[in-house]
Amino acid sequence: MSENKAVKKPTGRQARKEARAWKADMELRTYRPDQLLNPAELLSRFTEKARELVEQVSEEVRPSRAEVTAALRQAVLEAFRTREQYVARLVETDASSWMTDMSAKSLRRAIRTSLIDSGVRVIESSDEGEHFVVVEGEGDGFEVVRPAYVDQATGKLILSGQLRRVFVPGGQADSRTDEQDASATEEKP
């Protein structure tokens, strides 16, 4: 390094710039009160659409308006309960990430705990290949690049995992070396 060029010292300018950009992006993403879901308004729209659809059904099998309204009300309330549970889990995870002394490993553990508590099974073994897609590599074995996530209650795949093909010791790629090792062992008295 020449003496004429000064060494650039970190000033934190880039970090502050990134923090401001992130904060501005979060403000743009923030819901406004008029954009929030209103259960009564939502139920009203669903009920109106359901009435239109029910009127197209013959009278002998048509449910009453009260039955349709009750079923829709139950569905909307259940959807809001589900949303509340989902948001509560996200809030717990975000709150965990803001703990001042939390390492990345501790954060990953907190997220994993939250997933398991929510009924998500995390599959980190390539033994359950039906939950994975192979994304790269060569060889007879597999290593997990990304775990698979399955809903424990329904068994439904939430997010498929990713596998990378790898060469396994003793596999086809190493067979010549294994044969050489075997013959070297046989030659010894």
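The values are calculated or read from the model by the stated rules, or taken from the named source; none is laboratory data. From a predicted model like this one, the values you see are computed outputs, not experimental measurements. Quick reminder, even Gly has a Cβ in these numbers, built from the backbone with ideal geometry, and neighbours come from all protein chains shown. Protein only, heavy atoms only, side chains kept; ligands, DNA and RNA dropped before computing areas. Shrake-Rupley method; radii C 1.70, N 1.55, O 1.52, S 1.80 Å.
At a glance:
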quantity: Alpha carbon centroid spacing (whole Å) that separates the stretch 41-71 from the stretch 140-158; calculated: 40
quantity: Solvent-accessible area, 1.4 Å probe, carbon plus sulfur percent, for the stretch 80-169; calculated: 53
quantity: Heavy-atom accessible area ranking, 1.4 Å probe, most first, across ILE116, ILE123; calculated: ILE116, ILE123
quantity: Projected label distance in nm at TYR149 and GLU128, using a 7 Å step from Cα toward the beta-carbon; calculated: 1.4
quantity: Karplus 3J(HN,Hα) series, Hz, for the stretch 106-117 with 6.51 cos²θ - 1.76 cosθ + 1.60 (x for Gly, Pro); calculated: 5, 5, 4, 5, 5, 5, 4, 4, 4, 4, 5, 4
